[in-house]
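Below: one structure, written as structure tokens.
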Protein chains: 2
Amino acid sequence: MGPLRWQVAAAVAVGLTLALEVLPSVLHWLRAGRRSRSRREVLFFPSQVTCTEALLQAPGVEASEPSINCPCSLPHGESSLSRLLRALLAARASLELCLFAFSSPQLGRAVQLLHQRGVRVRVITDCDYMALNGSQIGLLRKAGIQVRHDQDLGYMHHKFAIVDKKVLITGSLNWTTQAIQNNRENVLIMEDEEYVRLFLEEFEHIWEEFNPTKYTFFPQKKRGH
Amino acid sequence: MGPLRWQVAAAVAVGLTLALEVLPSVLHWLRAGRRSRSRREVLFFPSQVTCTEALLQAPGVEASEPSINCPCSLPHGESSLSRLLRALLAARASLELCLFAFSSPQLGRAVQLLHQRGVRVRVITDCDYMALNGSQIGLLRKAGIQVRHDQDLGYMHHKFAIVDKKVLITGSLNWTTQAIQNNRENVLIMEDEEYVRLFLEEFEHIWEEFNPTKYTFFPQKKRGH
């Protein structure tokens with residue numbers, strides 16, 4: 001090997017070394033990007049009871065506006081409920097709800113607010129629970145929000161929401177004040193393409209299956225003997 | 001710049017190019033590793049009713065052993081239930097269960113199998129449901145598995161499991177045959193360090209709060225008038 005070849009080999013080595021020096025920074029940058037893209041949060045309940053008025057103002061008023069000072073005696077900090085409300089109220093285009101039980105007035109107001117703001121809201125629920133005392137389902141329907149429900153014996157037991165086809169909110173929590181304030185529950189908030197796709201498929205599948213044209217309000221009785 | 005310098009510069013460039021050629025493969029390899037490390041699956045229910053005998057054999061018999069041919073008339077393929085069983089039966093060291101209702105015989109057998117294999121099993125459940133007909137809780141306790149429960153009015157409504165402190169299994173599904181076969185439910189299976197850490201913290205927190213030394217079997221009556 002002549003001296004020139006040695007020089008070339010050495011220089012190639014220097015180049016490789018330089019590139020490898022850069023590699024960790026590149027990787028760090030890539031990882032940071034990935035992390036910020038895929039939001040992952042978990043809310044545990046029971047939630048501290050806090051005032052959520054500032055979040056639930058009429059359309060047009062920004063939730064973060066500092067001028068809204070509710071004079072009530074509840075604490076005004078963050079809670080699991082306020083975080084859940086915030087995640088929902090971030091919706092700009094669409095909200096799919098698939099909920100076994102829905103009676104929380106705060107969550108009901110949040111959904112109505114989104115509807116008023118022009119977000120396309122669709123609700124799937126369970127037939128056994130929607131007529132119970134305090135259910136929000138009748139109020140949502142009255143406000144013009146589309147609701148579909150099962151008609152069979154099995155429960156529609158999901159408790160998930162999809163915000164703007166980008167964020168999946170799912171867990172053990174039924175949207176009731178009892179559950180929010182008294183039960184041990186979890187709710188995951190995930191910005192995750194794969195999970196959103198799978199839960200959206202599940203939603204669309206159920207939505208079509210619960211098409212109201214298929215409802216049988218008066219189940220046919222068997223004729224003859 | 002002399003010819004030698006040009007040679008060196010060119011060689012450095014070649015080295016950099018070589019390293020950058022390699023970069024995509026390195027990144028691909030890293031991403032593949034990350035993907036295989038972070039398992040993400042979702043099971044939807046109701047589950048097809050399938051035979052799960054091959055999975056639930058006595059300790060020592062490998063679940064995948066092809067010689068176990070159950071002669072029953074049920075289908076023998078995969079189902080959401082068999083996938084859930086498989087995820088649980090992968091446990092080698094520890095299993096934490098935090099379940100509102102637990103009455104599925106198959107899931108009960110799986111948990112007992114793990115206990116027999118020396119896996120450290122701990123169960124947290126809700127006091128209102130553990131004494132119901134068909135509950136697995138009494139059987140688990142009889143087998144020597146530690147169970148703790150709440151004593152308050154709110155429900156312990158979680159439905160999660162942690163396998164080997166590595167995989168989180170959580171969703172809307174109570175571990176009952178009714179839910180598995182008839183309800184619309186979801187279960188996420190996630191190999192996710194952050195979520196496992198947070199749910200394990202929640203488990204340990206509740207485990208300590210439900211310490212049996214704190215149980216009040218005979219709530220004290222107020223004395224005096």
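Before moving on, here are some points about what is shown:
- With its label point put 7 Å out from Cα toward Cβ, A:Glu21 sits 2.3 nm from the same residue's point in the other copies, in order from shortest.
- Shielding value for A:193-201 is 2, the average number of Cβ atoms from other chains within 10 Å of each residue's Cβ.
- Mean partner shielding of peptide B:10-23, defined as the number of other chain Cβ atoms within 10 Å of each residue Cβ, is 6.
- Taking every residue in B:169-177 and counting other chain Cβ atoms within 10 Å of its Cβ, the average works out to 4.
- For the residue pairs A:Lys166/B:Lys165; A:Lys159/B:Lys214; B:Lys159/B:Lys214; A:Lys165/B:Lys165; A:Lys142/A:Lys214, the alpha carbons lie more than 27 Å apart in A:Lys166/B:Lys165; A:Lys159/B:Lys214; A:Lys165/B:Lys165.
- Scalar couplings 3J(HN,Hα) for segment A:102-111, obtained by applying the Karplus form with A = 6.51, B = -1.76, C = 1.60 to θ = phi - 60°, are 9, 9, 5, x, 5, 5, x, 4, 4, 5 Hz; x denotes Gly and Pro.
- With its label point put 7 Å out from Cα toward Cβ, B:Thr216 sits 5.2 nm from the same residue's point in the other copies, in order from shortest.
- Here the Kirkwood formula puts the hydrodynamic radius of segment A:77-123 at 11.1 Å, using every distinct Cα pair.
- Sorted from nearest, the other copies put their A:Pro3 label points 1.3 nm away, the label point being 7 Å from Cα in the direction of Cβ.
- Each listed q (0.09, 0.15, 0.20, 0.21 Å⁻¹) maps to a log10 I(q)/I(0) for segment B:71-225, found by the Debye formula over equal Cα scatterers with no solvent: -0.30, -0.79, -1.40, -1.54.
- Relative pair counts by distance (%), Cα atoms of segment A:133-225, 10 Å bins: 13, 34, 36, 11, 4, 1
- Among residues of chain A, the one whose beta-carbon sits closest to the A-to-B rotation axis is listed with its distance in Å as A:Gly15, 1.
We did not get these values from a lab; they are worked out from the coordinates using the rules stated. In this text the structure is predicted, and so the values were computed from the model without any measurement. Cβ coordinates were reconstructed from backbone atoms using ideal geometry, including for glycine residues, and neighbour counts include every protein chain displayed.
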